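I have placed the structure first, in the form of C-alpha cells, so that the comments after it can refer back to it.
Laboratory data are not the source of any read-out in this text; all were calculated from the coordinates shown. Quick caveat: nothing in here was measured; it's all calculated off a predicted structure. As a convention, Cβ positions derive from the backbone with ideal geometry for all residues, glycine included, and neighbour counts pool all protein chains shown.
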C-alpha cells in the first residue's frame, strides 16, 4: 500500500474509542493514500493525487452534474454514494489493473475493508449497501456516479498534462469508453481544448 505516511490509526486500540471516531481515524488514511495509477505513469509522489482528493473531485462533479443523468436521480443519494464509493480502499489499498487482481477478488477485498471500518457503526450496514450499489452499478445514481468517476480521472489527467506530468491521451480514451451520458461526453470532448498544442487533441470516444 503506497502512501505518504503510516495510517493515522496505526498503533491505536480503536476498541477504546467511540465507534465514529475509530472509523474516522481509519478513513482519513485516504487523505494520504496515493492513487497508484498516477505514480505508475511517472507523477512524482509530492504531486500525486490521493484517494481522498479524487473522491472529493467526484463528489463535486456529482453536485454540479446530477442533471446529466438520463434517468431521474436522487441527488442526496448520489452525493452520499460519492462520499462512500472509495472507502473500501482504506485497508485494501488502491488496486489498479496492473496488479492483476481479478475483479471479484478486488470487490471482496474492498468490501471486507469497508466492513472492518464501519461494521460497528450504527447504520453501518447502510454504508456497505450503498457501496455495493455503486460497485455493481445497479441504480441510476450508481450508473451516473461510475461515469463521473471516470470523467474526474480524465479531468485530472489533463491537469497533469498541462503541468508536464503525463500524456492525457490514454486516460481520455479510457474515460470516453465509460461515458454514456451525452452531456458528459460533450464535457470530455471539451477537455481537448485545454490540452497543450503539442498533444494529440482529437476527441476521445
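Based solely on its DSSP helices, what 222 nm [θ] is calculated for the chain when runs of n ≥ 4 H residues each add -39,500 (n - 2.57) and the sum is averaged over all residues, nearest 500 deg cm²/dmol? Kindly include the intermediate steps, with their values, before the conclusion.
Numbers: 10 runs with 115 residues, N = 205.
Calculated at 222 nm, the ellipticity per residue is -17000 deg cm²/dmol.
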Could you tell me how many degrees, from 0 to 90 and to the nearest 10, lie between the Cα long axis of helix 75-84 and the main elongation axis, the longest principal axis, of the Cα atoms of the chain? 70
Once the Cβ-Cβ distance between residue 70 and residue 120 is put in as r, and R0 is 41 Å, what FRET efficiency do you end up with, to the nearest 0.05? 0.60
Which of these values of percent of Cα pairs over 26 Å apart was calculated from the structure shown: [x] 43; [y] 36; [z] 48? [y]
Can you give me the angle between helix 124-136 and the longest principal axis of the chain, using Cα atoms only, in degrees from 0 to 90, rounded to the nearest 10? 30
To the nearest 10 degrees, how steeply does helix 169-178 sit against the main Cα axis of the chain, on a 0 to 90 scale? 70
Residue separation times 0.36 nm, minus the C-alpha to C-alpha distance between residue 186 and residue 28: what's the value? 53.5 nm
Out of 144, 187, 60, a Gaussian network model of the chain with alpha-carbon springs under 10 Å gives the largest mean-square fluctuation to 187
Suppose the chain between residue 198 and residue 16 were pulled fully straight at 0.36 nm per residue; how much longer would it get relative to their current alpha carbon spacing? 59.9 nm
